[in-house]
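Peer 1: Once you've had a glance at the structure underneath, I'll fire off some questions.
Any read-out appearing in this document is the output of simple, stated calculations on the displayed coordinates, not a laboratory observation. Predicted model, so just to flag it, every value in this text is computed and none were measured. Here the Cβ is made from the backbone with ideal geometry for all residues, glycine too, and neighbour counts use every protein chain on show.
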Amino acid sequence: MSDLRDLRRGNLRRDNLICLDERAFYAVFHELVEKVKFANEQKEDPWVGTDEAMRLLRITSKTTLKKFCDNGDIRISRLTDKHLLYYRESILSFIEQRSNLDTNDGA
């Protein structure tokens, strides 16, 4: 634990350093990136609740979220009358589609 604190403060002793050539560094780096990507893919549930859906869309109004769903812009799963789940991919796709509207209008 003290080594971690020393690392954060920049107080490393020479015997704590590991030297790698460029090729070895990038091999380790790419392996770490792949492990992080895999871990993130495993944690993301394809279905999200109302709060997460609104966070992803960066909106604060449940009425706006309902409008998007009613228009068929976002895929939902109705578990009960009041409990809905929103399909994460459809939210991200909706955002992507809308982002291209503004850039193509001025062309």
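Peer 1: Dividing the alpha-carbon radius of gyration of region 38-90 by 2.2 N^0.38 Å (N being the number of residues), what value is obtained?
Peer 2: In units of the globular-protein estimate, region 38-90 measures up at 1.15.
Peer 1: If you don't mind, there's one more thing I want to ask. Can you compute the modelled spin-label distance between Arg75 and Arg98, with each label point 7 Å from Cα toward Cβ, in nm?
Peer 2: Spacing of the two 7 Å Cα→Cβ label points: 1.9 nm.
Peer 1: Okay, moving on. Could you list Arg78, Arg55 in order of exposure, starting from the residue whose Cβ has the fewest other Cβ atoms within 10 Å?
Peer 2: Ordered from fewest to most neighbouring Cβ atoms within 10 Å, Arg78, Arg55 come out as Arg78, Arg55.
Peer 1: How do Ile76, Ile18, Ile91 line up, fewest other C-beta atoms within 10 Å first?
Peer 2: Ranking Ile76, Ile18, Ile91 by Cβ neighbours within 10 Å, fewest first, gives Ile18, Ile76, Ile91.
Peer 1: For a Förster distance of 22 Å, can you work out the FRET efficiency between the beta-carbons of Thr63 and Lys43, rounded to the nearest 0.05?
Peer 2: Efficiency for this residue pair is about 0.15.
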